[in-house]
Protein chains: 4
Amino acid sequence: MTYHAGRHFLQIPGPTNVPDRVLRAMDMPTMDHRGPEFQAMAKRVLSGIRTIFQTKNPVVIYPASGTGAWEAALVNTLSPGDLCLMYETGHFASLWKKLAEKLGLRTEFIAGDWRHGADAAAIGERLKKDAGHEIKAVCVVHNETSTGCVSPISDVRKAIDAAGHPALLLVDTISSLGSIDYRHDEWGVDVTVGGSQKGLMLPPGLSFNAISDKAIAASKTASLPRSYWAWDEMLTMNESGFFPFTPATNLLYGLDAAIEMLHEEGLANVFARHQRHGAATRAAVEAWGLEVLCDEPAHHSGSLTAVMMPGGQGADALRKAILTRFDMSLGAGLSKLADKIFRIGHLGDFNDLTLIGTLGGVEMGLEAGGVPYRKGGVDAAMAVLAAANAGEARQAAE
Amino acid sequence: MTYHAGRHFLQIPGPTNVPDRVLRAMDMPTMDHRGPEFQAMAKRVLSGIRTIFQTKNPVVIYPASGTGAWEAALVNTLSPGDLCLMYETGHFASLWKKLAEKLGLRTEFIAGDWRHGADAAAIGERLKKDAGHEIKAVCVVHNETSTGCVSPISDVRKAIDAAGHPALLLVDTISSLGSIDYRHDEWGVDVTVGGSQKGLMLPPGLSFNAISDKAIAASKTASLPRSYWAWDEMLTMNESGFFPFTPATNLLYGLDAAIEMLHEEGLANVFARHQRHGAATRAAVEAWGLEVLCDEPAHHSGSLTAVMMPGGQGADALRKAILTRFDMSLGAGLSKLADKIFRIGHLGDFNDLTLIGTLGGVEMGLEAGGVPYRKGGVDAAMAVLAAANAGEARQAAE
Amino acid sequence: MTYHAGRHFLQIPGPTNVPDRVLRAMDMPTMDHRGPEFQAMAKRVLSGIRTIFQTKNPVVIYPASGTGAWEAALVNTLSPGDLCLMYETGHFASLWKKLAEKLGLRTEFIAGDWRHGADAAAIGERLKKDAGHEIKAVCVVHNETSTGCVSPISDVRKAIDAAGHPALLLVDTISSLGSIDYRHDEWGVDVTVGGSQKGLMLPPGLSFNAISDKAIAASKTASLPRSYWAWDEMLTMNESGFFPFTPATNLLYGLDAAIEMLHEEGLANVFARHQRHGAATRAAVEAWGLEVLCDEPAHHSGSLTAVMMPGGQGADALRKAILTRFDMSLGAGLSKLADKIFRIGHLGDFNDLTLIGTLGGVEMGLEAGGVPYRKGGVDAAMAVLAAANAGEARQAAE
Amino acid sequence: MTYHAGRHFLQIPGPTNVPDRVLRAMDMPTMDHRGPEFQAMAKRVLSGIRTIFQTKNPVVIYPASGTGAWEAALVNTLSPGDLCLMYETGHFASLWKKLAEKLGLRTEFIAGDWRHGADAAAIGERLKKDAGHEIKAVCVVHNETSTGCVSPISDVRKAIDAAGHPALLLVDTISSLGSIDYRHDEWGVDVTVGGSQKGLMLPPGLSFNAISDKAIAASKTASLPRSYWAWDEMLTMNESGFFPFTPATNLLYGLDAAIEMLHEEGLANVFARHQRHGAATRAAVEAWGLEVLCDEPAHHSGSLTAVMMPGGQGADALRKAILTRFDMSLGAGLSKLADKIFRIGHLGDFNDLTLIGTLGGVEMGLEAGGVPYRKGGVDAAMAVLAAANAGEARQAAE
């Protein structure tokens, strides 16, 4: 082991920096998952997690990565050969599509340029043409982690309704949940897919399905084979605070703490903080003379910012130089964006000063890496932060 | 929160008591799962876990409960409608069977009385009758957690071979791995299913598939739909120390520590310790005038001991009394054994003195609960321990 | 590092087993000891610690071992050459006497046989003879950690009063505080010395002086040189929640948790639990045919039990055998009791089952070490525990 | 409890940010401080701590704050009424002087302006006048924590020698040890006083005396009363890895880890890192148009930088605004500097990006607090860091 002074800056767009309070909550003896103490904790968590999805409906918690919850959303609601309309927001939308195909579903992709969120109008157009209702589900990524573009989920819902189409709406919020405002009930989403390791500030290992009544109804007739991911037994057992198979007890301890913490800060403050950090980061990128990948201001993400490298410069060499010299991890460009962008995660347990350190590391890295840029990014970010409402100020000090 | 003095005795047959060293290893910042530091750790873990299964072949690690690894073993190797020959050792064998059926497999159960491990001869007989090789897999639970009976896996392999049958051999070692001698390669097992929360001394949340070449070959043609559980991409990515989706990073830290610890003690010593604790526990049960559920000495488990309640006495009232008065959790009887037995877990991070405390709690609980019994159980256990080879003695003190 | 399965049994009479909740409370970032967050915590701790000493007066908290608090009690209240009347209860009383002499005090020892607590009548007799009030302080150890004998502090106070003597009463409660009922105010003690690492369930590193008004008055004229231990600046700063020099912040976090935990259990329950464990241990010793060092039933300790070895047998060889074979640490005989006794600590974060494990380790150790003894000690202890009021039962399970 | 997103920036000049690895090392069960496992650890620590003081002589470790080690240095080497020549570098030098007086020593202060380290020539002049060798000790603070000025200890030694004076040289390194190059042996220091909570990256609670042969010789005749602080029994017991009274076991675990970490980075790299961070901070202060308190470039500290407020502006209001808005603690001005300066701690577990975050917080705080300043401080610091030798770069990534 070699000691590197100071904390590593984990500024990939997830997994995010896990707060001490969450880590310490997990660092406690595992308990009997069929006993009364577990039951009390599980009931609290199963109730609390609904508030994060902004739903009154049940949320299923899987001992699994987010990928598992993608699979769960599909196998519980669809039957072999069903057609899913998916939107190509980027790498993760593409992975979800591949996953659907592996499960025996048919998919149709509305092409995107990886620089915008989903186009609700295009989805509406396509649905209107589907007079026979062959399309059974519309799958959209809320915050595309590979690009930093947010899709307007509420608009997608409206487009589906306007088309009079019965398709289910399945949404991936893995990198937006607990960071960007998201309303499962109000927006009429049928299945929301979430994960533990981003805005929820936990290590990876838990994932979620928030489920509408319509989705539960669909699950009664859906015929894709399923067992681990099956909602029915899970929902039944959860009612009494238990699980059909051994849950990831210590991660649930952490989730219990994280939900409490998000409410201590207040969800509105959490969302405002992420927005502010996104704005400050984009100001820095602009000041550097670089380009933000997301090309539509309305789709800018509060969770992460993807930055395009100037011509001919490799992003991976820059990321490596920053890791080596400044002990900071940044996100790589994925698939067709490989080496063309780097991604700055500014989500989770994160504050203004850590953002300044992060942007300082990028600015010094651009210098060290010989990338053409203009100084002043950190200054621009500080100006944004200074101007911002001090909503998250530490009032306790008063 | 209410403080109860001293440590809770978590003597269910898993999840087991997690050692401080494992909990502390997990209580560290989550790292970039695509970076060089993670890669080094993952390579070490992926290599080390093979030694625990006693295999030179790959072991797939899932961010999932053991139930997920059951599912993985089936979906990777079988096709819809395939027939699985399963052996009814108890509750968990029955659950695995139900799971197989949910996935679209056909199953056939060799009936058992829940008081013995699998009968290798019966399996051989059945296979001999299957001239058309309709049976594609034989599924056996090594250590049936609901009964405390161990199945002779090596004999099952021999019986399959003697029958000249090509069926795959799939084995569940969830409650024996790292506790009872188990040899994936030597015994010719095709897929071994394991979990983190028993002999591996981790919290729940990881599970495993150790895979033979024959199983990998079968996976090329097996057509059950799969994505999360699919071996192919996992095996490819694992070669370079990475995973196709976000792994449960902090649980991997713990696994890294646990593997190291098992080798510090020495696997042979680990197995001997569990055997000794099983023998001591059975001596106590006998002295109490109670009956061990497992009716075949060759099948006695080193991981847990299921104890039958004397006529008319409810096991659950006893367990509740022990939990209330002595802060110890014991395992309940499951399905048809409900309220008829209680199970004492003596696996994982456990030593002679903790066993004495455990058995003392049972003995005082029998007294407190008004259960007919004879005193002397703890004494009988101490006699067994005193006689045992002091192989695990703390030599460092010399 | 070599892994030894299961938890080490730390059954010396302190430091004791630190509960996870206390360790985790300490495992948090150090904070600014001059900031508002620290202030709030310190005020809570400085108030809470009074309840443990059962005093309404201030308690000074030192970043120091208990030995430091011994020194503090003397240097704050006495002047060079002052005479201290001390009672020879055992090794620690002797150490305190030596310490007083090093500081330039004169001491007089009332001889004891190390098998009883202090004799209040003898103290009273001596004081009556001191017509000139040459004796300035009476120093008594409440629970003599080297012998397991408790001194009747209330009787000592009465004897002093009956003698009409103005001497201060200084009492060491290092191994009784938070384990054995102790009442600073009601018993009229002037300075009570305490430490963190026994009944308070913390690691070593904090120590205490609870101070009567009379002691504070004495400190105004006492002329022994002092700075680190001086009460005056400490008491002034403490009023606003701060300290004159950097406090041991993380140990204070632990103390904050420990005070809360002791009140969750209830002090009366804590004391009853220790009494029960003392009684059960003595029953075991008697059943083994061995002798408890403490020769006066009224002085028996609830914190520890010192056991005399039968003729010719070395206690240290037995302790070493138990450490080697059973991973349990027991206390050694000190100074004139070296190798003649061993001490079983049963204080702090400890419960019935852990006591049974502890006594099982001793019983198996006696067997392994070839010490003449009779079996049945653990049985005798279980009988005592079973009969005891289930006052500390885990009511939460109801 | 109220959650504040992200980590608190603890940028007082100590206690410093404790690394996870140290906190986790401390978060382990307390062990028997008279057993073989403790002994092995203690021997390693007692040997390792010498390398940090750069001495081959013994280092005494106290369970105490740094103030205690100040007292220890004096009471072990001096007798009542002895004269100490002390140098008024600032608040802490003044406190040490008061402490000496409380212990019955006489003191003489060479006046300083709190903007420079000690003047070795002035010390030499004074000693030359002391023909009768009335002065028994020269006491100097290496890094004055209240001002950020470093005293040239090697020059002081030379001045003493040049004066042919036998006085002992006692040096306080509380806020320089493990941060600024310090050489107990080479520089001929007699007693070096250190603490755990600064460059050693531990919580407060341990302090140190590194001792020359001459100091040990002096202790044989020194007659100030002492017990807790007495070296003699400590040095004797330490030889076998034990302590005369209960040590602060868990803090020793942390110290064990911290020593290992400092050597992993390499002491030369540690010192260079602190120098770089001092230089970068001063560049920021200059760019802001503010003044560094330390008026002599040769005395600039690598541990902390004290910044003078422009006329009429209160430092405490600024610090409070920064704490409230940016969750960062800065050091206050002490005694005559109260409200006139603020102090930025940049020592301990700290890296380039955290420094940028820290300076960003100050710059945004100046803006928010309405303090007259010029922008560009963070930019100036980044320029210094970018130019610096990438000596601490994370080579593991290669």
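For the peptide A:11-22, the mean number of other protein chain Cβ atoms found within 10 angstrom of a residue's Cβ is 4. The value of relative contact order for chain D, using C-alpha pairs under 8 Å at least six residues apart, is 23 percent.
Residues A:67, A:16, A:236 in ascending order of nearby Cβ atoms (within 10 Å, fewest first): A:236, A:67, A:16. Expressed to the nearest 5 percent, the antiparallel share of DSSP beta bridges inside segment A:20-263 is 40 percent. Overall, the ratio between the Cα radius of gyration of segment D:5-157 and 2.2 N^0.38 Å, rounded to two decimals, is 1.29.
By the rule of a C-alpha distance below 29 Å, with chain neighbours fewer than 8 residues away ignored, the lysines paired with residue B:158 are B:56, B:97, B:98, B:128, B:129, B:136, B:198, B:214, B:220.
Per residue of B:355-365, count partner chain C-beta atoms within 10 Å of its C-beta, then hand back the mean as an integer. Spell out each step's value before the answer.
Values: counts 3, 11, 12, 3, 5, 13, 7, 1, 5, 8, 1.
The shielding value for this peptide is 6.
Going from the residue with the fewest nearby Cβ atoms within 10 Å to the one with the most, B:328, B:308 rank B:308, B:328. Taking a straight Cα-Cα cut-off under 19 Å and skipping sequence neighbours fewer than 8 places away in the same chain, the aspartates and glutamates within cross-link reach of residue D:320 are A:352, A:392, A:398, C:32, C:37, D:339, D:363, D:367. Cβ crowding within 10 Å ranks A:31, C:237 as C:237, A:31, fewest other Cβ atoms first. Chain A residue nearest the rotation axis toward B, with distance: A:27, 2 (Cβ to axis, whole Å). Shape class of segment B:280-345 from the Cα gyration tensor (axes a ≥ b ≥ c, square roots of the eigenvalues): prolate, since a/c reaches 1.5 or more and a/b is larger than b/c.
Taking the label point 7 Å along Cα→Cβ, residue A:166 and its counterparts in the other copies are spaced 4.5, 9.9, 10.5 nm apart, in ascending order. Histogrammed with a bin width of 10 Å, the alpha carbon distances of segment C:97-193 distribute as 15, 50, 32, 2 percent, first bin at zero. Antiparallel beta bridges, as assigned by DSSP with both residues in the protein assembly as shown, represent about 50 percent of the total such bridges. Restricting segment A:184-264 to chymotrypsin sites (Phe, Trp or Tyr not before Pro) that sit in a DSSP loop and have at most 13 other Cβ atoms within 10 Å of their own Cβ leaves nothing.
Distances between equivalent label points of residue C:296 across the copies, with each point positioned 7 Å along Cα→Cβ, amount to 6.5, 6.6, 8.8 nm, shortest listed first.
Sorted largest first, the principal axis extents computed over the alpha-carbon atoms of chain B equal 59, 53, 42 Å.
Ranking A:114, A:124, A:45 by how far each Cα lies toward the positive end of the dipole of segment A:20-263 (charges on Cβ) leaves A:124 at the top. Pop a pseudo-label 7 angstrom from the Cα along the beta-carbon direction at both residue C:101 and residue D:264 and give the gap in nm to one decimal. Each label point lies 7 Å from its Cα, and together they span 4.9 nm.
Spatial offset of segment B:73-105 relative to segment C:228-278 amounts to 58 Å, using the alpha carbon center of each.
Between identical copies, the spacing of residue A:133 label points, each set 7 Å from Cα toward the C-beta atom, reads 4.7, 10.1, 10.6 nm from nearest to farthest. Each label point was placed 7 Å from the Cα along the Cα-to-Cβ direction; for residue A:186 and residue A:217 their separation is 2.4 nm. Structure remark: mean-square fluctuation, Gaussian network model of chain B, C-alpha springs under 10 Å; the largest value among B:72, B:131, B:257 belongs to B:131.
Averaged over the residues of A:96-109, the number of partner chain Cβ atoms lying within 10 Å of the residue Cβ comes to 2. Computed as a quarter of the hull surface, the mean projected area of the alpha carbon convex hull for the protein assembly as shown stands at 55.5 nm².
Before rounding to the nearest 500, sum -39500 (n - 2.57) across all DSSP H runs of length at least 4 in the protein assembly as shown and divide by the residue total; then give [θ] at 222 nm in deg cm²/dmol.
Numbers: 52 runs with 652 residues, N = 1592.
For the protein assembly as shown, the value works out to -13000 deg cm²/dmol.
Every number here is computed from the coordinates shown, using simple stated rules; none is lab data. Since the structure is predicted, the reported quantities are computational estimates derived from the model, not experimental observations. Backbone-built Cβ (ideal geometry, glycine too); neighbour counts: all protein chains shown.
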